[in-house]
Amino acid sequence: MNFKLANALGRIVELKDRSTGAHTWRVTMYAQAMAEADRMPISEIMGFMLGAVLHDLGKIDVPGDILSKPAGLTPDEYRTMQCHPINGWARLRRLDVEDPFILNVVRSHHERMDGSGYPDGLHGKDIPIEARWFAVIDAFDAMTGQRPYRQGTGKDGAARAIADLEAHAGTWYEPRAVEVFKGLHDAGRLDSIL
C-alpha cells in the first residue's frame, strides 16, 4: 500500500467524520516523529505512518450520528464504536493489504497493556509493538485534539496529557513508548503539530 491510496481511504473517513481529518494528520506526524526518534528502519517507519493514516478506517461503518454526537455515548453506541478497529482491519484485508505494521495498528490501537482494551482484549506483549506505540500517540491526540463533544486543549493541555500517559504507563500504555513520546514533548518536537 502506498500513501496515495492510504490518503484516499483516509479522505473517505473524513467525509463522514470531519474531525477525523485533522486527527489523522496529527497522529501521522506524531508517528513519524516517534519512529524517527526511536530510529526505526525506514520500511517500518512507512508502515507505521500508513497505519496511522488508516487507523480509523473502520469508522466508515459507524453511523454518523454516533461519530458526531456532542455528548457521551450510550453503552450500545460505545459498543458500535468499538467495532471500528475490526471493521477497518477487515476492509484492508479485503484490499489484500498484508503489511503487518498497517494491519496491527488498525486492529489493535485500542488494546491496553492490562488487557482491558478492545477489540480482542490482548494483554502486554501479545499486543503488537507497533500498536502499543501507536496507542500512546492516539491517546495523546484524543486528550489534546478537538472532538465533537469538547474543545481541544492543544499546547495548553499537552503537559497534562503527558502526565496522564505516564500515570498509565505499564497498565494501559507501553512504558518505552510513553518515554519516547515524552522525550519528543520535552524537546518541543510536538509543538508544530499540536
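Computed with a 1.4 Å probe over protein heavy atoms only, the accessible area of residue 189 comes to about 110 Å². If amide H atoms are built 1.01 Å from N in the plane of the peptide, which residues on other chains or at least 5 residues away come under 5 Å of the amide H of residue 152? The list, which skips near neighbours in sequence, is 146, 147.
For residue 100, what charge total do you get from the other residues with a beta carbon under 13 Å from its beta carbon, if Lys and Arg give +1 and Asp and Glu give -1?
Charge balance near residue 100 sits at -2.
In order along the stretch 179-194, the phi-based Karplus estimate (6.51 cos²θ - 1.76 cosθ + 1.60, θ = phi - 60°) of 3J(HN,Hα) comes to 4, 5, 5, 4, x, 5, 4, 4, 7, x, 7, 9, 4, 6, 8, 4 Hz; Gly and Pro are listed as x. Rolling a 1.4 Å probe across the protein heavy atoms gives the stretch 1-117 an accessible surface of 48 Å² per residue.
Residues with beta-carbon under 13 Å from that of residue 47, excluding residue 47: net charge, scoring Lys, Arg +1 and Asp, Glu -1?
Every neighbour counted, the sum reads -4.
Taking Lys and Arg as +1 and Asp and Glu as -1, the other residues whose beta-carbon sits under 13 Å from that of residue 117 total -3. Summed over qualifying helices (DSSP H, 4 residues or more, each -39500 (n - 2.57)) and divided by its residue number, the chain shows a 222 nm mean residue ellipticity of -19000 deg cm²/dmol. In this label model, residue 79 and residue 167 are separated by 3.0 nm, measuring between points 7 Å along each Cα→Cβ vector.
With each label modelled as a point 7 angstrom along the Cα→C-beta vector, the residue 156-residue 71 pair spans 2.5 nm.
When the accessible area of the stretch 110-194 is computed with all protein chains present and a 1.4 Å probe, what percentage of it is carbon and sulfur? Display every interim value, and only then the final one.
Working: 1920 of 3870 Å².
Exposed carbon and sulfur together represent 50 percent of the surface.
How would 125, 16, 155 rank on accessible area, largest to smallest, probe 1.4 Å? Present the calculation step by step, with values, prior to reporting the outcome.
Values: 125 150, 16 80, 155 120 Å².
Accessible-area ranking of 125, 16, 155, largest first: 125, 155, 16.
For the peptides 26-36, 108-118, 2-12, the ranking by mean Cβ contacts within 10 Å, running from highest to lowest, is 26-36, 108-118, 2-12.
The values are calculated or read from the model by the stated rules, or taken from the named source; none is laboratory data. Fair warning: this is a prediction, and the values are worked out from it, not measured in the lab. In this analysis, Cβ positions are derived from the backbone assuming ideal geometry, glycine residues included, and neighbour counts consider all displayed protein chains. What goes into the accessible areas is simple: the full protein's heavy atoms, side chains included, and nothing from ligands, DNA or RNA. Shrake-Rupley method; radii C 1.70, N 1.55, O 1.52, S 1.80 Å.
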